[in-house]
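A.B. asks: Dumping the structure here so I can ask a few things about it.
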Amino acid sequence: MSSLLLPYGVVTEFDGLQLHLSRNSPTGYTGVTQEGSRFRARRGGQQLGTYDTAVEAAAAYARDRRRERGEEVAGAAEED
């Protein structure tokens with residue numbers, strides 16, 4: 001990873017997926033927003049679901065990116 005300094009405890013991989021980090025997102029992950037006590041994943045205007053943790057939402061975002069590129073995706077169960 002380039003010169004991005006990661007705070008202690010930031011998860012960069014989950015369920016075999018490389019998570020997409022964002023300096024501009026309060027959650028720390030691209031495409032993930034917090035709504036109350038839950039986290040919503042969105043990509044390109046598409047709702048990917050709501051999750052208990054930011055990491056789970058970030059994994060949904062990463063899975064969707066993999067699908068778009070035609071890569072095989074493991075653990076693709078979605079929660080809503």
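A.B. asks: Sort out for me the strands (runs of 3 or more DSSP E) sitting completely within the range 10-56 that have 2 or more residues that are on the phi < 0 side of the Ramachandran plot, surrounded by 14 or more Cβ atoms within 10 Å (Cβ to Cβ) and not hydroxyl-bearing (Ser, Thr, Tyr).
C.D. replies: Values: elements: 32-35, 38-43, 46-51.
Those strands (runs of 3 or more DSSP E) span 38-43.
A.B. asks: Within the range 60-78, track down each residue that is modelled with pLDDT of 65 or more and open to solvent by less than 70 Å² (accessible area, probe 1.4 Å).
C.D. replies: First, pick out the residues of the range 60-78 that are modelled with pLDDT of 65 or more: 60-71.
Passing the criteria: Ala60, Tyr61, Ala62, Arg63, Asp64, Arg66, Gly70.
The values are calculated or read from the model by the stated rules, or taken from the named source; none is laboratory data. Everything quoted here is computed from the prediction, not taken from an experiment. We place every Cβ from the backbone using ideal geometry, glycine too, and count neighbours over all the protein chains shown. To get the accessible areas, we keep the full protein, side chains included, count just its heavy atoms, and leave off ligands, DNA and RNA. Shrake-Rupley method; radii C 1.70, N 1.55, O 1.52, S 1.80 Å.
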